[in-house]
1. Under a straight-distance cross-link criterion of Cα-Cα below 16 Å, which aspartates and glutamates are reachable from K144, leaving out those fewer than 8 residues away in the same chain?
2. Could you report the accessible area of K34 in Å², rounded to 10, computed with a 1.4 Å probe on the protein chains as they sit in the structure?
3. For I72, I94, give me the order by solvent-accessible area with a 1.4 Å probe, most accessible first, ignoring ligands, DNA and RNA.
4. Taking all protein chains as present, what is the carbon and sulfur share of the accessible area of region 92-193, in % to the nearest whole number, probe 1.4 Å?
5. Treating cross-link reach as a plain straight distance, find the lysines whose alpha-carbon is under 18 Å from the alpha-carbon of K34, omitting any fewer than eight places away in the same chain.
6. Within straight cross-link reach of K89, meaning Cα distance under 20 Å, which aspartates and glutamates are found once same-chain residues fewer than 8 apart are removed?
7. Rounded to whole Hz and in sequence order, give me ³J(HN,Hα) for region 115-121 from the Karplus expression 6.51 cos²θ - 1.76 cosθ + 1.60, θ = phi - 60°, writing x for Gly and Pro.
8. Read phi for every residue in region 182-193 and hand back ³J(HN,Hα) as whole Hz from Karplus 6.51 cos²θ - 1.76 cosθ + 1.60, θ = phi - 60°, with x for Gly and Pro.
Amino acid sequence: MMRAIFAALIVVLVAAGAWLGYEIYNQSAVNSEKPYGVAFNLTDQDGQPITEQAFRGHPTVVFFGFTHCPEICPTTLYELGNWFEALGKDGENIKAYFVSIDPERDTPEVLGNYLGNVTDRVRGITGDPEAVRTMARGFNIYFKRIDTGDGDYTMDHTASILLLDSKGRFRKTIAFGEDSDSAIQKLRDLAAT
């Protein structure tokens, strides 16, 4: 009798596990068809309104950072410019955006000047601080203000580049310090989406 109850319990648990696995798989498949992130209404480096629609209709590269960043942001933007140059015509359809996580200091003009000194392939996005924070959280970006003790501050943040396909769906990331050949191949693959 005990064995029959135990066997029945096992069957029920296996069936429940299979059903749960199927539901998770189904939900993942549905979610992967949706654009990544959240709706936003911010300002580009020219002072013009920009929304999530800027991330549709073409492959998109999105990097979150700030202009006072001592190493990660300038290095990433410089490398991104080099990768686009290496791609040549293969990467012409990719649009790239640098979203400031420090909008208090990164005005449109500051962003435009900063990016103009590194690459002309990346557009800056900033705006109302709370709207920027909401957008960053909606794109699963970690960021935190760190006081430096001298009255100034820096920002700790996610250092990966997000790659979105032409429908705004998440594809991959390029990690900070990733091998150039790997990064270029990811961008080449992205260009075909």
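1. Within reach: D102, E104, D106, E130, D152, D156.
2. Result for K34: roughly 110 Å² accessible.
3. I get I72, I94, largest accessible area first.
4. 47 percent
5. Result set, ordered by chain and number: K167, K172.
6. Cross-link targets: E79, D120, D165, D181, D189.
7. Whole-Hz 3J(HN,Hα) from phi for region 115-121: 5, x, 7, 10, 7, 9, 8.
8. My calculation for region 182-193 gives 5, 4, 5, 5, 4, 5, 5, 4, 4, 4, 8, 8 Hz in order.
The values are calculated or read from the model by the stated rules, or taken from the named source; none is laboratory data. All of these numbers come straight from a predicted model, not from anything done at the bench. Please note that ligands, DNA and RNA were not included when accessible areas were found on the heavy atoms of the full protein model with its side chains. Shrake-Rupley method; radii C 1.70, N 1.55, O 1.52, S 1.80 Å.
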